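> Structure in structure tokens, see below.
The values are calculated or read from the model by the stated rules, or taken from the named source; none is laboratory data. From a predicted model like this one, the values you see are computed outputs, not experimental measurements. Reconstructed Cβ throughout: ideal geometry from the backbone, glycine too, with neighbour counts over all protein chains shown. When the accessible area is computed, the model is the full protein with side chains, heavy atoms only, and any ligands, DNA or RNA have been set aside. Shrake-Rupley method; radii C 1.70, N 1.55, O 1.52, S 1.80 Å.
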Amino acid sequence: MLLPIIMAGGTGSRLWPLSRELMPKQFLTLCGKSTMLQATLERLQDLTTELPIIICNEDHRFIAAEQLRQINKLQHNIILEPVGRNTAPAIALAALSAIRKGQDPLLLVLAADHVIQDNTAFHRAIGIATELAAANQLVTFGILPTTAETGYGYIRRGPASAVSSVAFKVAEFVEKPSKDLAQQYLDSGEYYWNSGMFLFKASVYLAKLKEFRPAILAACEEAISKSEPDLDFIRVNKEAFSACPSESIDYAVMEKTTDAAVVPLDAGWSDVGSWSSLWDISAKDPHQNVLHGEVFQHNSIGNYVFAETGIVATVGLQNTVIIQTKDAVLVAHKDQVQDVKNIVQQLKNTGRTEHHIHREVYRPWGKYDSIDNGHRYQVKRITVKPNEKLSMQMHHHRAEHWIVVHGTAKVTINKQEQILTENQSVYIPIGAVHSLENPGKIPLELIEVQSGAYLGEDDIVRFSDRYGRS
């Protein structure tokens, strides 16, 4: 039995301003029509697998659930990490969860934010790795390097595997090299990029963890044993998991075991770690530009331009990245996009929020866009999905005025219900207990005007909430 384990953590700061802490790259549509998480699952469709387990953090739970629901992969299969503890503990949670069900599947561990362009080659490599994993090997996938890349760790291959002549024993894992050393690795033909993808039996992985890092296993066992189901989520015990050491699977297990094998993979793989790597794998126009949105260009070559709203025009630009969102614009030379993370750090240091959250914010019931604000007022455009409902709540510091622009709203104010349709409005005074629901079959859109002394999102007292928020 092949059980996909999808690691959906991380913030993708080098893809700012599109990727942010509350909406990182794995949940964005960067290549094709699906989000990166959805594409990761869709490329497994021709394989016989169990329902995947998704591992993500608390802040992303509703985004992950909605994206799984859209492709019919949601069925109580999201494990929530209360705190980040790197890959070794995360994979242990998935393995223990499977073992608790009386199973011992082969765990296919994948990252939610990778691109693989050749599914046939990918499936072929999985088939080879399956043979090795069935023989109790811990298999990693090594990417055939095409350049002397300094941003990846490397795997040096040893002798050919006794199980498969096209796979190899792992001789060693090596850290990110210097440029000269990376070139030596490339020239030798003995090194692969470390993809961070694995295949092994759940029981074998747990046995190795017990041998090499028993403290990690013990903490994860306690966290899983005290876990609680919540809607489509599995909530592991926060206290137990917080006490777990934070280590990567490479450091905790793969570098220590003598049973590690590597399967070479040449399948158009990319971890989409920067805007330049996204340019590398994207379809280009005759001038080698990658253009998204309303982009107009003249005498411009080799650029990546993304326009979320409005028009972006370029004249005489070369090898430039321009990313325009509703609240931020990035302009960078394509050779220096790795340093975008420094801008993100500056935003954090100055107390800004643009690294953390988009102007448009997704919620389990829909989304809102903060379209205007000033002294003592804020205006939002709210979209509520059909048959969804906001919590029953009240505010201590603000009043609200709702104007319906599309669809039908069911509004409750101090236990009094009313139905509003297009161009109708209602006023919610400070302190009134109220809720908003879309009883219809089409999205509800309304304009919310807030006014008061304090307009922060934390001025919410929830009395009931179908999504389990407090």
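> Can you tell me which residue in the stretch 196-247 is nearest to GLN137 (Cα to Cα), limited to those that are more than 21 Å from the chain's Cα centre (by Cα) and of a type in the set (Phe, Trp, Tyr)?
PHE200
> Kindly establish whether ASN414 is at positive phi and free of Cβ contacts under 8 Å to residues at least 24 places away in the same chain.
yes
> For the structure I just gave you, tell me whether ALA148 is buried (at least 16 other Cβ atoms within 10 Å of the Cβ) and in contact (Cβ under 8 Å) with a residue 60 or more places away in the chain.
No; evaluated as a whole, the condition is false for this residue.
> Those residues that are buried (at least 17 other Cβ atoms within 10 Å of the Cβ) and either in a loop (DSSP other than H, G, I, E, B) or at positive phi (or both), I need them from the stretch 258-270; list them, please.
Those that are buried (at least 17 other Cβ atoms within 10 Å of the Cβ) and either in a loop (DSSP other than H, G, I, E, B) or at positive phi (or both): ASP259, ALA267.
> Please give the number of the condition ASP458 fails out of (1) under 20 Å from SER370 (Cβ atoms); (2) open to solvent by less than 40 Å² (accessible area, probe 1.4 Å); (3) of a type outside the set (Val, Ile, Thr); (4) outside any strand (DSSP E or B).
The number of the failed condition is (2).
> Considering only the stretch 373-389, I want to know if a residue exists there that is of a type in the set (A, V, I, L, M), free of Cβ contacts under 8 Å to residues at least 60 places away in the same chain, surrounded by 17 or more Cβ atoms within 10 Å (Cβ to Cβ) and farther than 29 Å from THR320 by Cα.
No, that holds for no residue.
Conditions tested, residue by residue: (1) in contact with a Cys (Cβ under 7 Å, 6 or more places away or on another chain); (2) under 19 Å from LEU108 (Cα atoms); (3) β-branched (Val, Ile, Thr).
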site: ARG124; (1), (2), (3): no, yes, no
site: ILE128; (1), (2), (3): no, yes, yes
site: TYR154; (1), (2), (3): no, no, no
site: GLN184; (1), (2), (3): no, no, no
site: TYR191; (1), (2), (3): no, no, no
site: SER195; (1), (2), (3): no, yes, no
site: LEU209; (1), (2), (3): no, yes, no
site: PRO229; (1), (2), (3): no, no, no
site: ARG235; (1), (2), (3): no, no, no
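> Then there's this: Hey, can you tell me all the residues within the stretch 20-60 that are aliphatic (A, V, I, L, M), under 21 Å from ASP230 (Cα atoms) and without any contact (Cβ under 8 Å) to a residue 60 or more places away in the chain?
If the condition is that a residue be aliphatic (A, V, I, L, M), under 21 Å from ASP230 (Cα atoms) and without any contact (Cβ under 8 Å) to a residue 60 or more places away in the chain, then LEU51, ILE53, ILE54, ILE55 are the ones that fit.
> Right, next: What residue, of ILE224, ILE234, is outside any loop (DSSP other than H, G, I, E, B), open to solvent by 30 Å² or more (accessible area, probe 1.4 Å), β-branched (Val, Ile, Thr) and over 20 Å from ARG157 (Cβ atoms)?
ILE234
> OK, next. Would you be able to say whether some residue in the stretch 355-370 is assigned to a strand (DSSP E or B), small (Gly, Ala, Ser) and surrounded by 15 or more Cβ atoms within 10 Å (Cβ to Cβ)?
Yes, there is a match, as at least one residue in the stretch 355-370 is assigned to a strand (DSSP E or B), small (Gly, Ala, Ser) and surrounded by 15 or more Cβ atoms within 10 Å (Cβ to Cβ).
> Moving on. Can you list residue pairs whose Cβ atoms sit under 6 Å apart, with the first residue in the stretch 241-264 being farther than 20 Å from LYS169 by Cα and of a type in the set (Phe, Trp, Tyr) and the second being modelled with pLDDT of 95 or more and buried (at least 24 other Cβ atoms within 10 Å of the Cβ)? Count only pairs 6 or more apart in sequence or on different chains.
What qualifies is PHE241/ALA223.
> Is it the case that some residue within the stretch 175-190 is polar (S, T, N, Q), surrounded by 17 or more Cβ atoms within 10 Å (Cβ to Cβ) and either outside any helix (DSSP H, G or I) or without any contact (Cβ under 8 Å) to a residue 40 or more places away in the chain (or both)?
No, because not a single residue in the stretch 175-190 is polar (S, T, N, Q), surrounded by 17 or more Cβ atoms within 10 Å (Cβ to Cβ) and either outside any helix (DSSP H, G or I) or without any contact (Cβ under 8 Å) to a residue 40 or more places away in the chain (or both).
> Still on this structure: What's the number of the condition MET197 fails, among (1) among the hydrophobic types (A, V, I, L, M, F, W, C); (2) in contact with a strand residue (DSSP E or B) (Cβ under 6 Å, 6 or more places away or on another chain); (3) farther than 22 Å from ALA252 by Cβ?
Result: MET197 passes all but (3).
> Might you check whether a residue that is touching a Gly at 6+ places or on another chain (Cβ under 6 Å), aliphatic (A, V, I, L, M) and at pLDDT 95 or above occurs anywhere in the stretch 139-153?
no
> Next question. Name every residue in the stretch 24-61 that is in contact with a helix residue (DSSP H, G or I) (Cβ under 8 Å, 6 or more places away or on another chain), hydrophobic (A, V, I, L, M, F, W, C) and open to solvent by 30 Å² or more (accessible area, probe 1.4 Å), in order of residue number.
CYS31, LEU47 - these are the residues of the stretch 24-61 that are in contact with a helix residue (DSSP H, G or I) (Cβ under 8 Å, 6 or more places away or on another chain), hydrophobic (A, V, I, L, M, F, W, C) and open to solvent by 30 Å² or more (accessible area, probe 1.4 Å).
> Out of the residues in the stretch 331-388 meeting the condition of being touching a Ser or Thr at 6+ places or on another chain (Cβ under 9 Å) and of a type in the set (Gly, Ala, Ser), tell me which one is farthest from VAL405 (Cα to Cα).
Only one residue fits best here, namely ALA332.
> Here is a follow-up. Across the stretch 237-257, what is the total count of residues that are surrounded by 17 or more Cβ atoms within 10 Å (Cβ to Cβ) and touching a Gly at 6+ places or on another chain (Cβ under 8 Å)?
1
> Turning to a different aspect of this structure: Taking the condition touching a residue at least 40 places away in the same chain (Cβ under 8 Å) and either under 23 Å from GLN103 (Cβ atoms) or not in a strand (DSSP E or B) (or both), does LYS208 pass?
Yes: the conditions hold for LYS208.
> Quick one: which residue in ARG100, ARG61, ARG124 is at pLDDT 95 or above and on the phi < 0 side of the Ramachandran plot? Step through it out loud before you land on a result.
Working: ARG100 fails: at pLDDT 95 or above; ARG61 fails: at pLDDT 95 or above.
Criteria check complete, one pass: ARG124.
> May I pose another question? How many of the residues in the stretch 313-334 are closer than 15 Å to GLN288 by Cβ and touching a residue at least 40 places away in the same chain (Cβ under 8 Å)?
The total comes to 2.
> Under 7 Å between Cβ atoms, at least 6 apart or on separate chains: pull out the pairs that start in the stretch 113-135 with a residue that is buried (at least 16 other Cβ atoms within 10 Å of the Cβ) and end on any residue that is among the basic types (Lys, Arg).
Sorted first by the residue in the stretch 113-135, then by its partner, the pairs are ASP113/LYS25; ILE116/ARG43; ASN119/ARG43; PHE122/ARG43; ALA133/LYS201.
> Quick check on ILE63: is it touching a residue at least 24 places away in the same chain (Cβ under 8 Å) and within 12 Å of the chain's Cα centre (by Cα)?
yes
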